[in-house]
Amino acid sequence: MTNLAMRLAGRVAVITGAASGIGRATALRFAREGAHVVIADIDVPGGKDCAGEIQSSGGQARFVEVDVSRESDLIRMIDCAVTTFGGLDILHNNAFWARGATALETTADDWQRTLDVTLRPVWQASKLAIPQLLKSKAGVILNTASVHSIVGLTGSAAYQASKGGVLSLTRALSLELAPHIRVVAILPGTIDTPANRDVPAEVHEAFLQNVPLARRGQPEEIASVAAFLASDDAGYITGTGIVVDGGYTTR
Ligand code: NAD
């Protein structure tokens with residue numbers, strides 16, 4: 001394991017969707033860089049496992065069961081950071097829900113659930129976190145958007161509408177919260193997480209034809225960019241998104 005700079009030493013971070021995939025890798029990375037991490041997820045075993053892994057390697061973490069579509073859960077999540085670790089410096093909005101479907105196939109319930117989990121909490125958790133982030137000298141809101149915030153794909157209409165919204169909201173919040181809080185997005189391409197495990201092999205192969213680096217990214221390759229964006233090393237970056245996609249959107 002390489003030695004890491006402790007760029008997040010003593011910072012308090014809340015990460016939604018941290019029981020799995022990108023959120024989990026980011027929680028582990030933030031903790032290795034010295035952050036105290038609140039693991040927020042609807043998946044209780046996965047969330048406890050992530051917090052336990054951080055604690056057993058000497059880091060600070062607390063799991064809180066959260067459905068991000070419920071305001072009362074988001075309130076508990078922010079309270080957990082304050083009561084457990086004394087404040088909040090970094091909010092990482094990362095949880096999502098989607099069902100693969102074209103616009104024609106999408107039901108009103110699926111549309112609503114996608115936006116309720118993937119887009120609305122980005123605004124609502126941010127709103128709840130702002131008073132705490134304003135007390136920090138290094139407040140950051142980091143939103144997991146997607147390459148599909150900026151380029152299209154068939155079969156995920158509601159998801160893409162949500163992710164377009166996440167990037168737009170990143171810009172809007174960044175203007176409202178400057179110069180006190182930075183607001184940044186990360187736009188992953190196709191990453192090797194449980195969210196992608198059911199993709200049929202032929203669809204996966206066809207997708208990789210369009211990825212110059214010819215492979216899926218690893219969650220740790222998103223986590224390392226997330227740690228940079230959350231740290232003072234990215235102190236002059238706000239209101240924009242960083243694409244991490246193996247070159248997919250270059251063509
Ligand atoms: P994942 O399925 O591994 O993790 C998603 C997590 O969100 C899970 O732990 C799940 O329990 C949690 N979650 C779902 N609904 C929730 C709810 N209502 N409340 C709280 N938590 C909930 O997926 P991932 O690939 O790590 O995705 C993380 C983020 O990255 C998402 O925002 C996703 O859109 C984005 N992303 C992923 C990819 C990719 O290829 N994997 C590409 C672009 C963007």
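A compact table of results
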quantity	calculated
Flag if ASP110 is within 14 Å of the ligand (Cβ to nearest atom), surrounded by fewer than 20 Cβ atoms within 10 Å (Cβ to Cβ) and more than 18 Å from the chain's Cα centre (by Cα)	yes
Every pair of residues 6+ apart whose Cβ atoms lie under 8 Å, when the first sits in the stretch 206-217 and is more than 18 Å from THR193 (Cβ to Cβ) while the second is assigned to a helix (DSSP H, G or I) and at pLDDT below 95	ALA214/LEU208
Residue list for the stretch 26-43, filter: aliphatic (A, V, I, L, M), outside any loop (DSSP other than H, G, I, E, B), open to solvent by 10 Å² or more (accessible area, probe 1.4 Å) and within 13 Å of the ligand (Cβ to nearest atom)	LEU28
Candidate set from the stretch 124-173 (those that are charged (D, E, K, R) and closer than 30 Å to ALA9 by Cβ); member that is farthest from the ligand (Cβ to nearest atom)	LYS137
Within the stretch 137-251, strands (runs of 3 or more DSSP E) holding 1 or more residues that are small (Gly, Ala, Ser)	182-188, 241-244
Odd one out for MET6 among (1) of a type outside the set (Val, Ile, Thr); (2) in contact (Cβ under 8 Å) with a residue 60 or more places away in the chain; (3) open to solvent by 30 Å² or more (accessible area, probe 1.4 Å)	(2)
Some residue of the stretch 88-97 being in a helix (DSSP H, G or I), closer than 19 Å to ARG171 by Cβ and either open to solvent by 30 Å² or more (accessible area, probe 1.4 Å) or among the polar types (S, T, N, Q) (or both)	no
All positions within the stretch 221-249 that are within 15 Å of the ligand (Cβ to nearest atom) and closer than 14 Å to THR26 by Cβ	GLU221, ILE222, ALA223, SER224, VAL225, ALA226, LEU229, ILE242, VAL244
Top-ranked residue in the stretch 80-101 [being over 16 Å from the mean Cα position of the chain (by Cα), modelled with pLDDT of 95 or more and not hydrophobic (A, V, I, L, M, F, W, C); ranked as farthest from the ligand (Cβ to nearest atom)]	GLY86
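The values are calculated or read from the model by the stated rules, or taken from the named source; none is laboratory data. Because the structure is predicted, anything quoted here is derived from the model rather than measured. Please note: Cβ atoms are built from the backbone with ideal geometry, for glycine as well, and neighbour counts cover all protein chains shown. The accessibility values were calculated without ligands, DNA or RNA, using every heavy atom of the protein model including side chains. Shrake-Rupley method; radii C 1.70, N 1.55, O 1.52, S 1.80 Å.
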